[in-house]
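What follows is a short report on a single structure.
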Amino acid sequence: MSGKRKVSGFVMISVLFVGLCFAAFPQLSQSSLVKASSILPDSNAEYADGTIVSTSSFLNVWYDWINVSDTQIINYALYTPTDYDYPVPIANLLGQHLHLADGSEVFVASALDGMEVYRDVNGDGIPQANFTSGESEILYFMYSNMSDGYNMAPIQKFTQNDTVHYQWSLTYENVYTYLQNATSHLGVAVRVKLDHFTLSYDFSVNGNVSNLKTNFDIGKTKDIQTFDAATQSYVNSTEFSFDGLSLSLLYATATYASKPYTTSVNGEPYNSTTTQDLAVEAEAAQVTVDGAKAYDFMFGGEYTLYTEEGSQTQAAQIETYQAKAEAAAIDSLPIKLYGPTVKGISFFTKQLNLTDLFGGSWPNVNTSYNASSLVYRICFPVWDGNQIVHDPVYVGYLGSATIPEFPAAAIAVGLLAATAAVLTTTKAQGWKAAKKTGQLLQGGF
Ligand SMILES: [Ca+2]
């Protein structure tokens, strides 16, 4: 690793942390369909994908956008041109803007802010962490800030059982991750690659209920290296193992509404910034605007663990387990070590001008964990470093949803088999030479 890259890697790690959600009251816009935005080139389209080129940074934003009556979906992901020579932070934000039945508006976003490795000592499936006292089941924070390549599968629209679906995905290949000891700030203890990290989405509307299914496919760990104090370098390790360890994904949320809103977990009022409970096992969380349900986070369900990868001659061996989720108090976050900023939001500040995106008048998005009424972890109690596939769902409650007219017979589900590639890049950087990525995507689901 060159000196330049080593320095830049630590810079990116130090930058990685940002949050959100605050009590703000935008004025209502007059129309439920969004007008043209100066941020998104095709915001008046029913759906669109593309690049938002930054004029001040090499960090470009890939966007996916759906704009149908009463609701809009925004999905942002960070990437860079292939000739960019520095590590790329992996950042992904998913937001939904809704018009509710009483005419009020709400925007809810979830930002993936990192992964954590924990040892579930008390056997409840979720990580207990208290970085004030120093007692924690969380052993490592995993920062994933560069990968060898990216594949973006653009939005495809089709009907299934008379319901219109929009699907899209993003894959990071050979994801470089850095494990930092969770209870001390001693730098990177372990470096490891994830074979891939794929985020896939399926958005549909039934009546006045929208469903946004999010699918994670987290590749198997490989190429483990540990820090050797004697040589001050990273060396291949056969001793370090993820056996017996669990994995969680840390999310912050941002919520803005035109009327006062509240957040609840398992039906009880909840706020990550004020709760005394460090970790609450969550089956569901909900955003309520002026007493009316607006948005549900549906947690739980099963996930698939690939204990043996498949090959041309042998089927993959899989096991299924119950996924857990945890509503997390701010005190269970390492803010004292890494600062109060949710990186998964702060990278997109310029692209999150809600007034520009949705009309009306909205406040600036807050990037602090201290503004996030719901911080949550999606937890995989059995991991062992293996590949995981899981798909939690976010549900929106709309005013009077109608999907644009669509000839149901025109496009079948088989559309998913179509080959589509809008953007595929391969980067050559990191501690080993990158392998070439494919130039075409086979669907993406
Ligand atoms: Ca536990």
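The values are calculated or read from the model by the stated rules, or taken from the named source; none is laboratory data. Not measured: the values here are computed from a predicted model. Because the Cβ atoms are built from the backbone with ideal geometry, glycine has one as well, and the counts that use them run over all protein chains shown.
What's the number of the condition I138 fails, among (1) at pLDDT 90 or above; (2) away from the ligand (no atom under 16 Å from the Cβ); (3) crowded, with 21+ Cβ neighbours inside 10 Å? Every listed condition holds for I138 apart from (2). Each residue in region 109-127 was checked for being within 6 Å of the ligand (Cβ to nearest atom) and on the phi > 0 side of the Ramachandran plot, and 0 of them qualify.
Just checking: which of the strands (runs of 3 or more DSSP E) contained wholly in region 243-324 hold 3 or more residues that are touching a residue at least 60 places away in the same chain (Cβ under 8 Å) and within 29 Å of L354 (Cα to Cα)? Walk me through it before giving the result.
Details: elements: 246-257, 261-265, 279-281, 284-289, 292-298, 302-308, 317-322.
Those strands (runs of 3 or more DSSP E) span 246-257, 261-265, 284-289, 292-298.
Tell me, please, whether a residue that is of a type in the set (V, I, T), surrounded by 16 or more Cβ atoms within 10 Å (Cβ to Cβ) and within 30 Å of F131 (Cβ to Cβ) can be found in region 276-284.
So in region 276-284, the residues of a type in the set (V, I, T) come out as 280.
Imposing the further condition that a residue be surrounded by 16 or more Cβ atoms within 10 Å (Cβ to Cβ) reduces the set to 280.
Pick out the ones that are also within 30 Å of F131 (Cβ to Cβ) and you get 280.
So far as region 276-284 goes, yes, one or more of its residues are of a type in the set (V, I, T), surrounded by 16 or more Cβ atoms within 10 Å (Cβ to Cβ) and within 30 Å of F131 (Cβ to Cβ).
Is it the case that A230 is within 24 Å of D391 (Cβ to Cβ) and either within 16 Å of the ligand (Cβ to nearest atom) or loosely packed, with under 15 Cβ neighbours inside 10 Å (or both)? Taking the combined requirement at face value, the residue does not satisfy it.
If only one of T198, T159, T132 is in a loop (DSSP other than H, G, I, E, B) and either within 16 Å of the chain's Cα centre (by Cα) or more than 16 Å from the ligand (Cβ to nearest atom) (or both), which one is it?
Values: T198 fails: in a loop (DSSP other than H, G, I, E, B); T159 fails: in a loop (DSSP other than H, G, I, E, B).
Answer to the selection: T132.
Tell me which residues, restricted to region 66-80, are more than 20 Å from K343 (Cα to Cα) and touching a residue at least 40 places away in the same chain (Cβ under 8 Å). Walk me through how you get there before you give the answer.
The first filter runs over region 66-80 and keeps only residues more than 20 Å from K343 (Cα to Cα), leaving 66-73.
I66, V68, S69, D70, T71, Q72, I73, listed by residue number.
Take the residues in region 90-108 that are outside any strand (DSSP E or B) and surrounded by 21 or more Cβ atoms within 10 Å (Cβ to Cβ); name whichever of them is farthest from the ligand (Cβ to nearest atom).
The first filter runs over region 90-108 and keeps only residues outside any strand (DSSP E or B), leaving 90-91, 100-104.
Then drop every residue that is not surrounded by 21 or more Cβ atoms within 10 Å (Cβ to Cβ), which leaves 90-91, 100, 104.
Working: I90: 26, A91: 27, L100: 36, S104: 38 Å.
That would be S104.
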